1. Note the full-extension length gain between Ala282 and Glu133 as 0.36 nm times their separation in residues minus their Cα-Cα distance, in nm to one decimal.
2. Under a crude label model (7 Å from the Cα following the beta-carbon direction), how far is Thr170 from Val215 in nanometres?
3. Can you give me the relative contact order of segment 109-243 as a percent, contacts being Cα pairs under 8 Å and 6 or more apart?
4. What FRET efficiency do you get for Glu266 and Glu32 if R0 is 35 Å and r is their Cβ-Cβ distance, rounded to the nearest 0.05?
5. Along the Cα-to-C-beta direction of Ala372, a point sits 7 Å from the Cα; which residues of segment 162-193 have their amide N less than 18 Å from that point?
6. Given points 7 Å out from each Cα along the Cα-Cβ axis, report the Ala161 to Asp61 separation in nanometres with one decimal.
7. Step through the table entries Lys37/Lys111; Lys184/Lys395; Lys52/Lys93, compare each Cα-Cα distance with 25 Å, and write down the pairs that go over it.
8. How high is the FRET efficiency between Glu48 and Lys409 when r is their beta carbon distance and R₀ equals 45 Å, given to the nearest 0.05?
Amino acid sequence: MRRRFFGAAATTAALGLLIPLSGCGSSSGDGEDATLKLVAAEYGNTPETSSKAFWDKVTADFTAQHPGLKVEVKLLPWAEIDREVSRLVKAGKAPDMALMGSYSDFAAQGKLYPAEDLLSVRAEANFLQPLAEAGSIGSALYGLPFVASSRLLFYNEGLFAKARVSPPKTWSELKEAAEVLKGKGVKFPYALPLGPEEAHAEAMIWELSNGGGYVDSAGNYSLASEQNVQTFKWLKENLVSPGLVGPVAPGRFNRQDAFNAFVRGEVGMLNGYPSLAHEARAKGISVGAVEMPVNDGLSISERPPAVGVADWMVAFNQNDHRQQIGTFLEFLYQDKNLSDFAGRYHLLPSTVTASRTPAGGGMDKNDQQFLAALRSAQLYPVNNPNWVTVSDTIKRNIGRAVEPGADAKAVLEDIANKSREQSKKP
């Protein structure tokens, strides 16, 4: 889940937290004292909401219980963390742990400890099933899910009431609602962010709602499937060409731009996650949330899953700190800590026990709807070693499928071909 962030320079000046990583901790070998290095994504968007406060507390509490063990945390913006961690690994200076958006490339290179080497059986079995499945390659869990979210269709209840329309359940109903909202002067009847920030999320939501998706039943990529082509043809003909998605071309419209417009009251409908709902309500927007409408041709029994998104904690084996890392992760994944972090950013905790209770503020009544969707959600195919490359290709190209004069089939086939070519590169 891409969080909004403030720049690295601002982070350094305001927080004083960016500690240069040296690679290895103070000592090595199981059972010995050590200083562990953790590189974590910054989830806050101001110094006041920075993740620093959480990590300061949890690492201090951990060291108080384990005097010989310390954890140094380096925060990086989401836009930088994947690249920086990859650089450290290639340079032989891997951190002990990283909290980031991917893991499969490192697992394929043999750089990670599996969860069974780090956690108790009870702790490993506590992860929510869809997240554990997405974090696994074969039978081994390498990406430990930390926090997650699911996507639902948000609608501005005030705008819907004025337009006298109901929340849609099918594509045709969504189109009809968008037409009425446009007639009432709504700037973005349906916000369709297919810009490079997170186009792969919006695309997958629509593809699943037509029985498609990024992979087939065997787990193989099916980017240009018949269902996916049909989906983008429908979007172009029924929403984009009639001007129902607003004045910005979808391929140049990023997720955060859409979210900002929703908070300003300019959007009738868009796909969102829990933190947006909280932000909009704080600004006086009355928000409703429903399952993503489906193609009218799908039956009730074919109801597709919601899209789920998770962030991953990974443990690198380069520094020989298996036992010390395991001790810290057992502590970190206690309900009170996981719920505390999730609650700060209105996300969902990744474990069964933490999701049962609002302990530490990790859950509230409004988030329960997202948790229910997450339990049966479909996540990105993050356990495919090529996913980072494939997702980047999707993000940078999928908006072309709805441009004037575009052939959706040709665009999707081009994306599939580019993905295969990029995946073959060393």
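Just so it is clear, none of the values below were taken in a lab; they were calculated from the coordinates. This is a predicted model, so every value here is computed, not measured. For neighbour counting, all protein chains shown are included, and Cβ atoms are generated from backbone atoms with ideal geometry for every residue, glycine included.
1. Full-extension gain reported as 50.2 nm.
2. Spacing of the two 7 Å Cα→Cβ label points: 3.2 nm.
3. Relative CO of segment 109-243 lands at 11 percent.
4. Step by step, r from the Cβ atoms, then E = 0.05.
5. Within reach of a label on Ala372, which here means backbone N under 18 Å from a point 7 Å along Cα→Cβ, segment 162-193 contributes 167-170.
6. A separation of 4.0 nm, rounded to one decimal place.
7. Lys184/Lys395
8. The value I calculate is 0.40.
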